[in-house]
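Have a look at the structure below before the remarks.
The values are calculated or read from the model by the stated rules, or taken from the named source; none is laboratory data. Just so it is clear, the model here is predicted, and its values are computed rather than measured. Methodologically, a virtual Cβ is constructed for each residue, glycine included, from the backbone with ideal geometry; neighbour enumeration extends over all protein chains shown. Calculation scope for accessible area: heavy atoms of the full protein, side chains included, ligands and nucleic acids excluded. Shrake-Rupley method; radii C 1.70, N 1.55, O 1.52, S 1.80 Å.
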Amino acid sequence: MGFFDFLTEEIAIDLGTANTLIIHNDKVVVDAPSIVARDRISGKIIAVGQEANMMQGKTHENIKTIRPLKDGVIADFDASEQMISLFIKNIPALKKKLFTPALRMVICIPSGITEVEMRAVKESAERVNGKEVYLIHEPMAAAIGIGVDIMQPKGNMIVDIGGGTTEIAVIALGGIVCDKSVKIAGDVFTNDIIYYMRTQHNLYVGERTAEKIKIQIGAATEDLDLPPEDMSVQGRDLLTGKPKQVQISYREIAKALDKSILRIEDAVMETLSQTPPELAADIYNTGIYLAGGGSMLRGLDKRLSQKTDLPVYIAEDPLRAVVRGTGITLKNIAKYKSVLIK
């Protein structure tokens, strides 16, 4: 190994349904939407990440925007591979290199993933020059990123609400004791908002607008301490076909998201009910940790807390908790041997 060590670069990847993040040399060097734009005629990828995201819903027939990941797993193998490869090529420190370095990488995957889907991730990584590829389960990475000492014989509960999946896990002794992965997460929230606007306001809005509504005034409950201002939303009127604008309050969004959040609550309750009693005792003291973009939904922590009667904490910088944890395992591969899947 010795000679090749300085030719090998280490990167940690959080390959998410909504966003892909890459850490290189302890810095987050890529933080971009997981989306590519492809030219239909030549088949070439013309934009990736933020640039492709701007095109979403605004394309003509020669350009197609693709989100290569769906529900946390690779849906379009070809596009995902090109996306990862372009992101890696965009890392400033690797651009200076004469030839593409071999990569040692840790990639996180949802906990409810099948063998086949796991292999798809590994193969994608090997194709972009990954010589040593390790996988880590998302809730595990989130726990490490939050700063929980996962090797202790203490139970901790992590709820990671991403774009495609919500991962709920109870972790102790460096392993997942019980977990549940539900396909209700950010994407579903966005679609709930689209549906609500359509049925309640006869207004047809696109995904990007719905996403903007979710971030600006999204809420999980109607009684917030610091309610956000009302928001004006533009779209197409389904009755007249004309563009129109309506005012929306956070209360309406709370109504729109209620059913989906109920299902996340149920999944949390179910996981708690499967937890061994000793660990349940620990969780009573430590509470529940929230990570992922979905945890930033206003009032969600409060709502889960009321449902479970447990304290609920949101990770700092929840969007990056998973990639931070992945980066930590990358530095101490020996220490986290038991957590990583070779």
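What FRET efficiency comes out for His60 versus Ala281 if R0 is 56 angstrom and r is the Cβ-Cβ distance? Round to the nearest 0.05. My answer for the efficiency is 0.40. Go through (1) 0.97; (2) 1.07; (3) 0.99 and flag the label whose value is the computed Rg/Rh (Cα atoms, Kirkwood Rh) for this structure. The value matching this structure is (3). Note: relative contact order over the chain, using C-alpha pairs below 8 Å and six or more positions apart, is 18 percent. The alpha carbons of segment 245-342 stretch over 55, 37, 22 Å along the principal axes, in descending order. Bridgeable lysines around Lys97 (alpha carbons under 21 Å apart, same-chain partners fewer than 8 residues away excluded): Lys27, Lys89, Lys131. Projecting label points 7 angstrom from Cα along Cα→Cβ for Glu126 and Thr100 puts them 1.5 nm apart. Rolling a 1.4 Å probe over the protein chains gives Asp282 an accessible area of about 40 Å². A Förster distance of 35 Å, applied to the separation of the beta-carbon atoms of Glu207 and Tyr313, puts the FRET efficiency at 0.70.
Label sites at Gln274 and Arg236, each approximated as a point 7 angstrom past Cα along Cα to Cβ, lie 4.3 nm apart. Averaged per residue, what accessible surface does segment 3-156 expose to a 1.4 Å probe, in Å²? Accessible area per residue: 47 Å². Here the chain exposes an accessible surface that is 51 percent carbon and sulfur, computed with a 1.4 Å probe and the other protein chains kept in place. Of all DSSP bridge pairs formed entirely within segment 41-185, close to 70 percent run antiparallel. If you take the alpha carbon atoms of segment 68-124 and fit the smallest convex hull around them, that volume is 92 Å³ per residue. Projected label points at Gln245 and Asp223, each 7 Å from Cα along the beta carbon direction, are separated by 3.4 nanometres. Pairs exceeding 28 Å between alpha-carbon atoms, taken from Lys44/Lys214; Lys96/Lys214; Lys70/Lys212; Lys64/Lys242: Lys44/Lys214; Lys96/Lys214. If both residues of a DSSP beta bridge must be in the chain, then about 65% of such bridges are antiparallel. For segment 184-342, the solvent-accessible area of protein heavy atoms averages 52 Å² per residue (probe radius 1.4 Å; ligands and nucleic acids excluded).
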